[in-house]
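Student: This is the structure, below, for whatever I ask next.
Every read-out reported here was derived from the displayed coordinates using simple, explicitly stated rules and does not represent laboratory data. What you are looking at is a predicted structure, and each value in this text was computed from that prediction instead of being measured. Cβ: placed from backbone, ideal geometry, glycine included. Neighbour counts: every protein chain shown.
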Amino acid sequence: MSDFPWQSVLAVVGLLVPIFAFLWEFVLVGRKRLGYRVQMDTTARLEATSQHAGTWRQLEQESGKPLVEPSFVLLRIENTGSTNIDHDDYVANKKHDAGVTIRFHGRRVAGMVVTDLSDQFLRDNFSDGSGLGYENKTEPRGAVGTIKLPRTQLNRGQHFKVLVVLERAGGDEGTKFREPEVVAGIKGGVGRGGISETKSRTGIPRWITVLIYALVAVCLAEPFVYSLVVPKPAPLDCASGTVRITGSTAFTPVLAEATASYTRTCPGAVFTLDTHGSAQGLDALNQAENAGVLAFSDGVKGNRQPELLPRPIAFLLFTLVINRDAGVQDLTLAQVKAVFSGQVTNWRQVGGNDRPVRLIDRESDSGTRTTFEQRVLGTVEPGENSNDCVEPKTATADVIRCRRSDTDDLLNTVAATSGAIGYSELGAATGRADLVPVRIDGQAATLEAADHGAYPFWQTEYAYTYGDVGAATLPASFLRYLTDQVGADIIRSHGDRPCAELENPVRCSPS
């Protein structure tokens, strides 16, 4: 269906609709149309009593009696259709010559005259014996004056006017008269063929208005119809395929949101998140040896796996977290080293509560643990001596040490274990009410503090590919997405900073 020329079809429809609207309005439906307009309906009661009334005071009936509250009505009868109206087109009994009947309720007709003929040859339609005339009757609901107009032949656009003089016949003086009732019918006319009231022709012609509405309707409908029948094309930088993402658990929340956002924009992409640590991710990529795997690592890979090529993605902050019952919120860098070396066994030794110190580490190949050892401790931590983080494996252990495989497991263990302390990526720990973030030398984990060298616990997040990948492949497209505006917004939302925003974006490190 995507190859079907929908745009051409809609363009043709946009051309045909106004043409059809024109034909329907003026050729099919509007071929025969008889209309009328009341151009004047006014009384002369005030004028007739003023000092300047002049001949108005002489308006009188045939009997010579002055008219009672005289009024004047000017009606225009016109052919508003697209074809001629003949004598036989009127719906009327052939025994009677009247084609149009006009009734004035509550008024008597004192006189009338046909005037303002659009063409002089129309005069023959109103000669003696044509049926032109008027009558006055009294009906159960009151007096009614009626004028009758002959079945006038009107070519397209022709018209004539009727000026009628009337007087009040019943009702209170000064009350408003009812609108004149115009009755006529045309065979094969618009709707049921009845005469219809028309409006002034000043301004835009009606057929132009119809065309404008038709064109506007097509223009408004085209995008909606097009969106229904034609799938929205993917952006130019979209790529399709399948990629397995592995490596850093600290960066997993960013990757989960970014891959979900990418697939909404590029439906042909499929991502599988399989993160178990930076070192394991690099090993998995090295074994795969193809473009179907992306590995993310907290920090550089070192001297191993020479085929793996790094790309700096983000500047990550990490933080120490501690169980609330330890009573500690700030440690000097020297105290942090003393705690994790086993020299501090109880939190009261550093001003906290009387609780034993329990150290919760990550696996030895974790990028987060490597960052902590390199940037904070300056040494490698000893191995664990406990499985449950509460009881030691041997009675000779001074400080409990255990390890957890991923960030969430570590955070949950610290929160549930009295006196426990651990570390994680800042975004994962932020907002957890069951944990206390620990300042280092009075500095909280902020980008500003890290930029000025006051906060040491940070790392550069790298994306690794096995050799160069083609620019049109899904791994290359996704890496560009991470460093573009949308990906940068996602990175910032997790408390990290895109490399492009640092003073040294190539190294992706503080100044």
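Student: For the stretch 390-411, what are the residues that are of a type in the set (Val, Ile, Thr) and touching a residue at least 60 places away in the same chain (Cβ under 8 Å)? First the steps, then the outcome.
Tutor: Keep residues of the stretch 390-411 that are of a type in the set (Val, Ile, Thr), which gives 390, 394, 396, 399-400, 407.
Correct list: Thr407 only.
Student: Name the residue that is surrounded by the fewest Cβ atoms within 10 Å (Cβ to Cβ), counting only residues in the stretch 452-476 that are aromatic (Phe, Trp, Tyr) and assigned to a strand (DSSP E or B).
Tutor: In the first step, residues of the stretch 452-476 are kept if they are aromatic (Phe, Trp, Tyr); the result is 455, 457-458, 462, 464, 466.
Then drop every residue that is not assigned to a strand (DSSP E or B), which leaves 458, 462, 464, 466.
Details: Trp458: 23, Tyr462: 27, Tyr464: 24, Tyr466: 21.
Across the stretch 452-476, the extreme among qualifying residues is Tyr466.
Student: For residues that are part of a loop (DSSP other than H, G, I, E, B) and polar (S, T, N, Q), scanning just the stretch 402-449, find the one that is surrounded by the most Cβ atoms within 10 Å (Cβ to Cβ).
Tutor: Going residue by residue through the stretch 402-449, those that are part of a loop (DSSP other than H, G, I, E, B) are 405-406, 417-419, 430-435, 441-442, 444-446.
Still in the running and polar (S, T, N, Q): 405, 417-418, 430, 446.
On the way: Ser405: 14, Thr417: 19, Ser418: 14, Thr430: 15, Thr446: 14.
Checking each candidate, the answer is Thr417.
Student: Take the residues in the stretch 492-511 that are out of contact with any helix residue (DSSP H, G or I) (no Cβ under 6 Å at 6 or more places or on another chain) and of a type in the set (A, V, I, L, M, F, W, C), then tell me which one is surrounded by the fewest Cβ atoms within 10 Å (Cβ to Cβ). Spell out how you get there, then give the answer.
Tutor: Of the stretch 492-511, the ones out of contact with any helix residue (DSSP H, G or I) (no Cβ under 6 Å at 6 or more places or on another chain) are 492-493, 496, 499-504, 506-507, 509, 511.
Now drop any that are not of a type in the set (A, V, I, L, M, F, W, C), which leaves 499-500, 502, 506.
Numbers: Cys499: 24, Ala500: 13, Leu502: 20, Val506: 9.
Step by step, filter the stretch 492-511, then rank; the result is Val506.
Student: Let me ask you something else. Please determine, by comparing only the residues of the stretch 250-302 that are part of a helix (DSSP H, G or I) and among the β-branched types (Val, Ile, Thr), which one is surrounded by the most Cβ atoms within 10 Å (Cβ to Cβ). Can you show your working first?
Tutor: Filtering the stretch 250-302 for residues part of a helix (DSSP H, G or I) gives 252-265, 278-288.
Now restrict to residues that are among the β-branched types (Val, Ile, Thr): 252, 254, 259, 263, 265.
Details: Thr252: 21, Val254: 26, Thr259: 20, Thr263: 15, Thr265: 13.
For the stretch 250-302, the residue satisfying everything is Val254.
Student: When the stretch 479-501 is examined, which residues are found to be over 14 Å from Gly427 (Cβ atoms) and touching a Phe, Trp or Tyr at 6+ places or on another chain (Cβ under 6 Å)?
Tutor: Tyr481, Gly487
Student: Which residue is surrounded by the fewest Cβ atoms within 10 Å (Cβ to Cβ), if the candidates are limited to the stretch 95-143 and must be small (Gly, Ala, Ser), assigned to a loop (DSSP other than H, G, I, E, B) and touching a Phe, Trp or Tyr at 6+ places or on another chain (Cβ under 8 Å)? Spell out the reasoning first.
Tutor: Taking the stretch 95-143 and keeping what is small (Gly, Ala, Ser), we get 98-99, 106, 110-111, 118, 127, 129-131, 133, 142-143.
Add one more test, that the residue is assigned to a loop (DSSP other than H, G, I, E, B), and what stays is 106, 118, 127, 129-131.
Pick out the ones that are also touching a Phe, Trp or Tyr at 6+ places or on another chain (Cβ under 8 Å) and you get 106, 118.
Details: Gly106: 18, Ser118: 15.
It comes out as Ser118.
Student: Cβ contacts < 7 Å: first residue more than 30 Å from Asp172 (Cβ to Cβ), restricted to the stretch 124-142; second residue exposed (fewer than 14 other Cβ atoms within 10 Å of the Cβ), any location; separation 6+ or different chain. Result?
Tutor: Between residues of the stretch 124-142 that are more than 30 Å from Asp172 (Cβ to Cβ) and residues that are exposed (fewer than 14 other Cβ atoms within 10 Å of the Cβ), the close pairs are Gly131/His96.
Student: Report whether or not Gln305 is surrounded by fewer than 23 Cβ atoms within 10 Å (Cβ to Cβ) and either in a loop (DSSP other than H, G, I, E, B) or out of contact with any helix residue (DSSP H, G or I) (no Cβ under 7 Å at 6 or more places or on another chain) (or both). Give the derivation first.
Tutor: On the way: surrounded by fewer than 23 Cβ atoms within 10 Å (Cβ to Cβ): yes; either in a loop (DSSP other than H, G, I, E, B) or out of contact with any helix residue (DSSP H, G or I) (no Cβ under 7 Å at 6 or more places or on another chain) (or both): yes.
For Gln305, the condition - surrounded by fewer than 23 Cβ atoms within 10 Å (Cβ to Cβ) and either in a loop (DSSP other than H, G, I, E, B) or out of contact with any helix residue (DSSP H, G or I) (no Cβ under 7 Å at 6 or more places or on another chain) (or both) - is met.
To keep it simple, each residue is scored yes or no on (1) crowded, with 18+ Cβ neighbours inside 10 Å; (2) in contact with a strand residue (DSSP E or B) (Cβ under 7 Å, 6 or more places away or on another chain); (3) over 24 Å from Gly277 (Cα atoms).
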{"position": "Ala314", "(1), (2), (3)": "yes, yes, no"}
{"position": "Phe318", "(1), (2), (3)": "yes, yes, no"}
{"position": "Gly342", "(1), (2), (3)": "no, no, yes"}
{"position": "Asn353", "(1), (2), (3)": "no, no, yes"}
{"position": "Leu359", "(1), (2), (3)": "yes, yes, no"}
{"position": "Thr368", "(1), (2), (3)": "yes, yes, no"}
{"position": "Glu373", "(1), (2), (3)": "no, no, no"}
{"position": "Val376", "(1), (2), (3)": "yes, no, no"}
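Student: I would also like to ask the following. Tell me, which residue of the stretch 477-511 that is of a type in the set (Lys, Arg) and outside any helix (DSSP H, G or I) is nearest to Leu255 (Cα to Cα)?
Tutor: This residue is Arg497.
Student: All but one of (1) assigned to a loop (DSSP other than H, G, I, E, B); (2) within 18 Å of Phe72 (Cβ to Cβ) hold for Gly157; state the number of the condition that does not hold.
Tutor: (2)
Student: Quick test for you: out of Leu474, Leu482, pick the one residue that is closer than 23 Å to Thr263 by Cα and touching a helix residue (DSSP H, G or I) at 6+ places or on another chain (Cβ under 7 Å).
Tutor: Working: Leu474 fails: touching a helix residue (DSSP H, G or I) at 6+ places or on another chain (Cβ under 7 Å).
It is Leu482.
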